[in-house]
Amino acid sequence: MLQRILRPQGALRAISSLAKKPSSAGLPRFQTRGLHRVPQLRHGEHFRQHGVPDLLSPEGFDFAWTQYQTLMVDKLNLLTQDTIDADATPGELLIKYSKRPEMASLFNYASMAHNNHFFFNCLSRSSVRIPDEFVKEIEESCSSVESLKQDFLAAANAMFGPGFVWLAKNLDRQGLLQIVCTYNAGSPYPAAHSRRQPVDMNTHNPDAPVSYQYAGAMGSHSPHTRDLAPGAIDIQPILCVNTWQHVWLMDYGIAGKEEYLERWWDRIDWEHVYENFKEAPAAKMARSPPMRQSLSML
């Protein structure tokens, strides 16, 4: 059995047969009167019945979305019940409490609820062709779609620990696309830059300047308050992949993260991602293709 768990899983549900998994119907719920609810996904009913085709089995989807998102929502209701935050959205909560260390628990549940919803809402039931207009945007930033795929999946596969990898529109750099990693429940939004958690603390050089938020760096008496926060770049996320183990472990096994990422790329709803790109604010500086103008700004 151990050998079966350790070897790469080529077929969905290969690992799920080892043990019976709990159904979301039997998931205990906290007794609260909160207003937070599990949001409806665009393809939610299809995913509930069939899973995400060629990506997650129905059981895997139930575990990673229905059960997990329900837990996040129940925790938010428990923490905000009978407060002014009872009807605030997860996005509003993560921004509001990103700089409040004593409210870290509320931030974590709100940010995870938001990030997980963002991930699942960018999935499709079938392969979706990238719109031609968006292909041009990708080529301008990354030279080619294949180059973006290789860089994105390499970043996600290299993450040693749970988190999210984001494709974002950088409003400070002429609207070019950028890959951003956040660990645990970290958020990519500029307003939540204090909790972006953008690096692996196990490998990062602590002497490098402005690379991550030091412990205790939030607050008026911190010795590091003058450091530029790591998420201070002005970006708008348009796509993300969830690298938390609970999303892919059931269907792919311990060694199956790389296969999960490859399959995820083929289930991205690129039409929805392009809509996110167009809905993002305009870049602060227009692009300047001519080399002479670019050099004059150096």
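Return the total of residues in the range 34-49 being closer than 18 Å to Met72 by Cβ and outside any helix (DSSP H, G or I). Looking only at that region, the number is 8. The residues on offer are Arg173, Arg125, and the sole one that is closer than 30 Å to Arg48 by Cα and touching a residue at least 40 places away in the same chain (Cβ under 8 Å) is Arg125. For Thr203, are the conditions met, namely being modelled with pLDDT under 85, among the β-branched types (Val, Ile, Thr) and within 25 Å of Ile254 (Cβ to Cβ)? Yes. All of (1) more than 29 Å from Arg267 (Cα to Cα); (2) open to solvent by 10 Å² or more (accessible area, probe 1.4 Å) hold for Leu93 with one exception: (2).
Yes or no: Arg100 more than 21 Å from Leu55 (Cα to Cα) and not aliphatic (A, V, I, L, M)? Yes.
Just one of (1) more than 20 Å from the chain's Cα centre (by Cα); (2) open to solvent by less than 10 Å² (accessible area, probe 1.4 Å); (3) not aromatic (Phe, Trp, Tyr) fails for Leu56. It is (1).
A quick yes/no check of all residues on (1) under 30 Å from Leu35 (Cβ atoms); (2) buried (at least 22 other Cβ atoms within 10 Å of the Cβ); (3) hydrophobic (A, V, I, L, M, F, W, C):
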residue: Arg100; (1), (2), (3): yes, no, no
residue: Ala110; (1), (2), (3): yes, yes, yes
residue: Asn116; (1), (2), (3): yes, yes, no
residue: Asn121; (1), (2), (3): yes, no, no
residue: Val128; (1), (2), (3): no, no, yes
residue: Glu137; (1), (2), (3): no, no, no
residue: Asp172; (1), (2), (3): no, no, no
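The lone criterion from (1) aromatic (Phe, Trp, Tyr); (2) touching a helix residue (DSSP H, G or I) at 6+ places or on another chain (Cβ under 7 Å); (3) within 30 Å of Leu249 (Cα to Cα) left unmet by Phe134 is number (3). When Gln174, Gln178 are screened for being under 27 Å from Ser143 (Cβ atoms) and either at pLDDT below 80 or more than 19 Å from the chain's Cα centre (by Cα) (or both), only Gln174 passes.
Whether a residue is surrounded by fewer than 18 Cβ atoms within 10 Å (Cβ to Cβ), under 30 Å from Arg267 (Cα atoms), touching a helix residue (DSSP H, G or I) at 6+ places or on another chain (Cβ under 9 Å) and of a type outside the set (A, V, I, L, M, F, W, C) was assessed, and Thr66 does not pass this test.
Which of the residues spanning the range 127-177 are closer than 24 Å to Ala282 by Cα and part of a loop (DSSP other than H, G, I, E, B)? Ile130, Pro131, Ser143, Ser144, Leu171, Asp172, Arg173, Gln174, Gly175 - these are the residues of the range 127-177 that are closer than 24 Å to Ala282 by Cα and part of a loop (DSSP other than H, G, I, E, B). Every listed requirement among (1) over 16 Å from His246 (Cβ atoms); (2) touching a residue at least 60 places away in the same chain (Cβ under 8 Å); (3) in contact with a Cys (Cβ under 7 Å, 6 or more places away or on another chain) is met by Phe119 save one, (1).
The values are calculated or read from the model by the stated rules, or taken from the named source; none is laboratory data. Small disclaimer: the values here were computed from a predicted structure and weren't measured. Here the Cβ is made from the backbone with ideal geometry for all residues, glycine too, and neighbour counts use every protein chain on show. These accessible areas exclude ligands, DNA and RNA; they are computed on the full protein's heavy atoms, side chains included. Shrake-Rupley method; radii C 1.70, N 1.55, O 1.52, S 1.80 Å.
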